[in-house]
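Working notes for the structure below.
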Amino acid sequence: MKTKRILVTGAKGFLGRPLMDALLRAGYAVRAATRRQVAFPKAVETAIIPDLKNSIDWAPVLQGVDIIIHMAGLAHSNVANDKYTEFDQINWMATQRLAQAAKSAGVERFVYISSVRAQIGACSTRVVRETDEPRPTNNYGRSKLAAEQAIRAAAVPFTIFRPVVIYGPNPKGNMRTLVRLAKSPVPLPIASFTSRRSVLGIENFISAIIFALNTPATIGELYILADSKPMTVGEILAVLRENCGCSFSLYVPQVILRLFLAACGRKDLWLRLTGDLVVDTSKFESLGWRPAKDTREGLLDMMRADDG
């Protein structure tokens with residue numbers, strides 16, 4: 001049987017490197033699309049491409065490619081031109097061009113890593129499901145939703161995932177900030193953070209991708225992706241502090257931490273600490289997928305790796 005070749009965009013990032021390692025172990029050939037030469041494992045082919053804001057001739061990059069896993073994108077930007085934001089240029093338009101090129105090249109599957117922000121804001125008062133009408137609340141989420149629509153319009157066989165915040169070794173964004181808070185001597189009002197959040201371990205993310213590649217029923221479908229059970233923010237912080245030996249603060253006024261985060265320019269994180277965002281993963285799990293690792297175990301592994 002022919003070995004399938006997978007093109008991975010966003011290959012050098014937080015998700016890309018461990019995903020490529022897992023794909024190689026699973027018996028796939030891997031080609032990494034990157035803007036500059038990177039020291040990938042020897043088994044990984046490298047395709048150097050321009051910045052995604054530019055027009056790219058994807059035909060030579062897609063030669064011999066059976067599957068695309070498109071993870072490259074922009075998460076933060078303050079730049080906008082007269083008509084389109086950087087989010088539009090990189091998350092939406094670049095994805096549209098790649099999806100159209102994939103259709104022309106006869107690629108058999110386009111796996112797109114979108115975001116739960118394509119569907120909802122930072123918080124939700126009810127459990128979020130795929131059947132809910134998408135209501136993104138920022139330019140990032142709107143660009144991700146537009147990219148999903150562009151993939152559908154290209155008529156390339158697809159699977160779309162909307163993951164929640166992903167944690168793992170060397171985490172990024174808000175999860176990285178939580179790790180720093182947990183390691184700091186700052187007293188944290190752990191017991192008072194009762195908001196519930198769905199999170200996703202990187203090993204569970206990877207297992208979901210490989211499961212989808214081996215499950216034809218996922219073609220043409222969209223899935224919200226998270227660990228099976230949500231945790232309260234207090235429980236998450238308690239696990240993170242447990243590993244670093246910090247003492248617990250059972251009661252500290254939340255206003256102290258709120259003012260601290262505001263001073264650091266992180267009002268967005270305060271919303272996530274105090275607001276619910278729980279998603280329903282039953283659609284994907286009904287196919288037989290189960291998370292590879294328990295959330296608590298995954299969070300502890302993250303902290304141990306960070307210590308190393």
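Laboratory data are not the source of any read-out in this text; all were calculated from the coordinates shown. Since the model is a prediction, treat every value here as computed from it, not as a measurement. As a convention, Cβ positions derive from the backbone with ideal geometry for all residues, glycine included, and neighbour counts pool all protein chains shown.
Of interest is the spacing of the C-alpha centroids, which for the range 86-154 and the range 214-242 amounts to 19 Å. Once you've got the Cα coordinates, tell me which of Lys4/Lys172; Lys103/Lys293; Lys103/Lys172; Lys2/Lys42; Lys2/Lys103; Lys42/Lys183 are over 28 Å apart. With Cα atoms farther than 28 Å apart: Lys4/Lys172; Lys103/Lys293; Lys103/Lys172; Lys42/Lys183. Among the trypsin sites (Lys or Arg not before Pro) within the range 6-102, those in coil by DSSP and having at most 14 neighbouring Cβ atoms inside 10 Å are Arg35, Arg36, Lys42, Lys53, Lys83. A DSSP coil position with no more than 14 other Cβ atoms inside 10 Å describes the following GluC sites (Glu not before Pro) in the range 67-165: Glu108.
Each 5 Å bin from zero up to the one holding the largest Cα-Cα distance in the range 5-163 carries the following percent of pairs: 2, 9, 18, 21, 20, 15, 9, 4, 1, 0. For the range 10-138, give the share of DSSP beta bridges that are antiparallel, in percent and rounded to the nearest 5; count only bridges with both residues there. Given both bridge residues lie in the range 10-138, the antiparallel proportion sits at roughly 10 percent.
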